[in-house]
Amino acid sequence: MLRWLWVGRATSFGEMTDLPRALRERLEEAFDTGLPEVVERTTAEDGAAKFLLRLPDGVQVEAVHIPMGKRQTVCVSSQAGCALDCAFCVTGRMGAGRNLTAGEIAGQYLALAREAPFGPHESNVVFMGMGEPLLNVRNVMDALDLLEREVASRRITVSTAGIVPGIEQLARRRRLPNLAVSLSAADDETRTRLMPVNRTWPIAELFRALRAWPLEAGRRITFEYVLVDGANDSDDAAARLARLVRAVPSKVNLIPLNESPEWLPDLRRPPADRVDRFAGVLASAGVPVTVRRSKGLGAVAACGQLKGRETPRPPWKARAFPVPGR
Ligand code: SAH
């Protein structure tokens, strides 16, 4: 059956014609393949496409296809919402959503492969869609087992807001994906303001887990840093960041805030010269740094913009902060 799903790209048990008909019928009745249904496709001018996907129980999540020359990056969701409530992220506005199963996570990749379309062995996969992968670490690890049938683990990146027990659990896996950590501040006060999860696992604890991450020689941990005007974009903040990330082999990926007047009315993207200066401070401290330019993606499918339905339930309020694991 796995061969039918992955090599044959089957979307139903009915297509698995070398199984006895009676068995196929029983399978159709009792199970589904977990492949999500495409509800809507929105394509940005730079070619990136956001897919709104419906899961068997009606829950909707988003996945993004980002063409990059001959290859592409597929961005998948791991939860149908997010409990972490980062100040700059639209997904957090909708609150916690259920964990996706391994099949639903890998199924997003298969659904996009069919729709985009693209063939096997041509993609990178990033767990940077909706949700916090390491609050669903069991299913994410099972999804890695499935995806690794055709995407090498060095082409898969799991991004976390810093769930320490999840990092430790993932670290014990035999094959390791790349690790990306959403840092967005180098001091606890600022980080807690932007990312409440920092209250549970402050920077020192996070870095203890990162220093223990079994990084292969020559590889680096990626630190994502969302630049928010006036909040975390000063030269001082850059200098502090440079000192902090030196603790592990790493690179910094700056993401100028994708604005959302509707959902994030108080937050602005810093002006371009501020972004350049911030990157310059890091570079002159010897830290490898790139700036993620979201271009036409900004309006529809960029980082922090995924919400899985057109209108998350307003009005949202400040929520308690339910992080399991402690
Ligand atoms: N929960 C995981 C996976 C989501 S990845 C994590 O936090 O890493 C989504 C990335 O987009 C994160 O790095 C996050 O910091 C970033 N992001 C969230 N909101 C954003 C926004 N409005 N503009 C730019 N980047 C944003």
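Quick look at the numbers
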quantity: Residues Arg175 and Asp276, FRET efficiency given R0 of 45 Å [Cβ-Cβ distance, rounded to 0.05]; calculated: 0.75
quantity: Aspartates and glutamates with Cα under 18 Å of Lys307, excluding same-chain neighbours fewer than 8 positions away; calculated: Glu37, Glu40, Asp57, Glu62, Asp85, Glu104, Glu132, Glu259, Glu262
quantity: Projected label distance in nm at Arg268 and Ala247, using a 7 Å step from Cα toward the beta-carbon; calculated: 3.3
quantity: Two-site FRET efficiency, Arg193 against Phe31, from Cβ-Cβ distance with R₀ of 51 Å, rounded to 0.05; calculated: 0.65
quantity: Extension gain, Ala152 back to Glu122 (0.36 nm per residue minus Cα-Cα distance, nm); calculated: 9.8 nm
quantity: Projected label distance in nm at Lys70 and Thr101, using a 7 Å step from Cα toward the beta-carbon; calculated: 3.7
quantity: Mean-position separation - Cα centroids, the stretch 138-167 and the stretch 22-79, in angstrom; calculated: 18
quantity: Taking N as its residue count, the alpha carbon Rg of the stretch 101-189 over 2.2 N^0.38 Å; calculated: 1.12
quantity: Compactness relative to 2.2 N^0.38 Å, alpha carbon Rg of the stretch 155-310; calculated: 1.03
quantity: Simple label model, 7 Å out from Cα along Cβ direction - Leu19 to Arg114, nm; calculated: 1.5
quantity: Column: log10 I(q)/I(0), Debye, Cα scatterers of the chain, q = 0.14 Å⁻¹; calculated: -1.12
quantity: Accessible carbon and sulfur surface of the chain relative to its total accessible area, %, 1.4 Å; calculated: 51
quantity: Partner aspartates and glutamates for Lys70 [C-alpha distance under 16 Å; skip if fewer than 8 residues away on the same chain]; calculated: Asp46, Glu122
quantity: For the chain, accessible area per residue (1.4 Å probe, heavy atoms of protein chains only), Å²; calculated: 45
quantity: Using θ = phi - 60° and Karplus 6.51 cos²θ - 1.76 cosθ + 1.60, couplings along the stretch 151-160 (whole Hz; Gly, Pro as x); calculated: 10, 5, 4, 6, 9, 10, 10, 9, 10, 10
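The values are calculated or read from the model by the stated rules, or taken from the named source; none is laboratory data. Being a predicted model, the structure only gives us computed values, none of them experimental. FYI the Cβ positions are ideal-geometry reconstructions off the backbone, even for glycines, and counts take in every protein chain you see. Note: areas computed on protein heavy atoms with side chains; ligands, DNA, RNA excluded. Shrake-Rupley method; radii C 1.70, N 1.55, O 1.52, S 1.80 Å.
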